Structures are given as structure tokens and as C-alpha cells.
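Reviewing the structure listed below.
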Amino acid sequence: MPAMSTAPFRDEELLADVISRLIGDARHVAVGNASPIPATAALLCRARGGGRPYVSLLQSRKHNFFTDGGRELFDCAGQGRIDVFFLSGGEIDGAGNVNLVSIGDHGQPRVRFPGSFGSAHLYYVVPKVVLFRTEHSRRTLVERVSFISAPGTSGPNIYRPGGPVALVTNRCVFGFDRERQRFRLDSVHPGHSVAEVAEQTGFAYDCPETVPVTPAPTGDTLRLLRETVAPQLAEVYPQFAAAVFGATAH
């Protein structure tokens, strides 16, 4: 059993470690654009597994077998050949719905987001979708999203092999119960509290009597992140790798 870490770690390292454990024993993990922390987690999982899972980073030349961008990604997911994907959103609600379009009147929105870009398709067909948001506030985690870009749940008469399994934020980890169609609080990150999570969350969720603290990354995990993963990450996310790890591409 690896020793518990007493070394300082950054929030990004904690979140990458959390997400890598959610990936589990997947065969193929795909990571979309502008997702440096999920990409870090996927590469960490591969480093731990000695080459498994296969990791596809859409912005990478080295870590991507797709040659035709999103079209191949969607085909691969539809064939059941992607086990884990990641989604975020301007808004996420308690049913796992994601808003990537806008807030306010659709014709004249107060806020406009980048767009859905096939997220609904991937949400339906990828078995494990990890939701991720680094701003945990009532502005982002809302009772009900203003626009449903990708629905978290479907009716019983709809075949749907995919959907959300968890929501990871900068404060905590929520697991998602697909049968109950709602989140539960699984752990709270070091330095945060159950009361703080309740205050900053706009949707209702299940909360056990005792909520554990999210485990800190071990010394072995930090070494893998800093010595093995960071140089690989620098090819895809040079600014992120430099800011978090002080790493540059080889």
C-alpha cells in the first residue's frame, strides 16, 4: 500500500488524482478541447496502468489517433469504443443536465456559451461521463439549467448506455445515482466543508451523515504527475503545464 502523502500539492493535482480514480479500468478515455485537468487525469491513469487505458487528447498530435477531428470521435463513441469522456458547462443542475448554449431569452441571451458541439450525443453513448467544474457556486450549479444542451437523464423507454457518473468540482465530489436521477455528496476536498458545499450549491442532493474528506495525492502519485505526466501534458497545454508543474514539452 503506498504511503500517504504529507507533501504539499496543488488543487489541480488533487483534482487530477480524483478524476483518474473515477476513470478506473477503462480501455479508452477521450478528452475534448480546453480540458487540461481531465487530460492530466487521463495521462496519470495511463502512467499508473503501464499503458492502459488508451488516451485520446483531441488537441494533441502524439496522443490522438483521430485524423478527422470530432467526426471520428462521435463515430468511435457511437460504436461503443470510448469508455470515459468529460463534460462541463456554464450551468449544471441537480439532474445532471448541462447548459453549453446560453442564459436568458434564447433570441437575446444575457450570457452566451461556446455551444454544445455534440455533447448530447456523447452523453448518451459513453458509459462513464465525468462532469467537471472548477467554479463551484450557485451561479454554475443551479436548481435547473436555463437551456438543456445535454440531458443528464432519459425516460425508461429510451435506450441510453451512457450518462453521468460523477461531478467533480473545486470543493467536492458528487456521485450520480442514475436510478434516483440526482447527486449525492461523496467527499469534500481538504480545506473545505460540508456546510460550505451546501451554501454554494444551487441544487438539492443527497448527503450522508458522515462525509469523508477526499484523499490527498500520495507521494507516488505526485511523482508520476510531476515527472511523467507533466512533460507529456506540455505538448498539448503548454501554459497550464508551465503554471502548475513548471514543465515544458520535450
Q: At a 1.4 Å probe radius, which order do ILE82, ILE103 fall into by accessible area, largest first?
A: ILE103, ILE82
(Q) Please compute the per residue accessible area over the range 139-250 with all protein chains in place, 1.4 Å probe, rounded to a whole number of Å². (A) 51 Å²
Q: Sort 117-124, 202-209, 105-112 for me by packing, meaning the mean count of neighbouring Cβ atoms within 10 Å per residue, highest on top.
A: 117-124, 202-209, 105-112
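When DSSP beta bridges are limited to those with both residues in the chain, what percentage is antiparallel, rounded to the nearest 5?
Restricted to the chain, the bridges split so that about 45 percent are antiparallel.
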Q | Geometric extent, Cα atoms of the chain - Rg, Dmax (angstrom) | A | 17.7, 56
(Q) What's the ranking of 84-97, 45-58 by average number of surrounding C-beta atoms within 10 Å, highest first? (A) 84-97, 45-58
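Using only helices, what value at 222 nm comes out for the chain when you add -39,500 (n - 2.57) per DSSP H run of length 4 or more and divide by the total residues, to the nearest 500 deg cm²/dmol?
Working: 8 runs with 66 residues, N = 250.
Here the helix-only value at 222 nm equals -7000 deg cm²/dmol.
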Q.
With a 1.4 Å probe and all protein chains left in place, how much of the accessible area of the chain comes from carbon and sulfur atoms, in whole percent?
A. 51 percent
(Q) Give me log10 I(q)/I(0) at q = 0.22, 0.33 Å⁻¹ for the range 203-250, Debye formula, one equal scatterer per alpha-carbon, no solvent. (A) -0.72, -1.13
**Q.** Net +/- balance of residues flanking ALA41 in space, Cβ distance below 11 Å, scoring K and R +1, D and E -1
**A.** 0
**Q.** Fluctuation leader among VAL18, VAL211, VAL129 - the chain, Gaussian network, Cα springs under 10 angstrom
**A.** VAL211
Q) Between ASN64, TYR123, GLY49, whose Cα lies farthest towards the positive end of the dipole of the chain when Lys and Arg beta carbons carry +1 and Asp and Glu beta carbons carry -1, centred on the Cα centre? A) ASN64
Q. If you bin the C-alpha pair distances of the range 122-242 every 5 Å from 0, what whole percents do you get?
A. 2, 9, 16, 18, 17, 15, 13, 7, 2, 0
Q: Just add up the charged neighbours of GLU135: K/R +1, D/E -1, any other residue whose Cβ is under 12 Å from the Cβ of GLU135.
A: +3
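The values are calculated or read from the model by the stated rules, or taken from the named source; none is laboratory data. Model, not experiment: these values are computed from the prediction. Please note: Cβ atoms are built from the backbone with ideal geometry, for glycine as well, and neighbour counts cover all protein chains shown. The accessibility values were calculated without ligands, DNA or RNA, using every heavy atom of the protein model including side chains. Shrake-Rupley method; radii C 1.70, N 1.55, O 1.52, S 1.80 Å.
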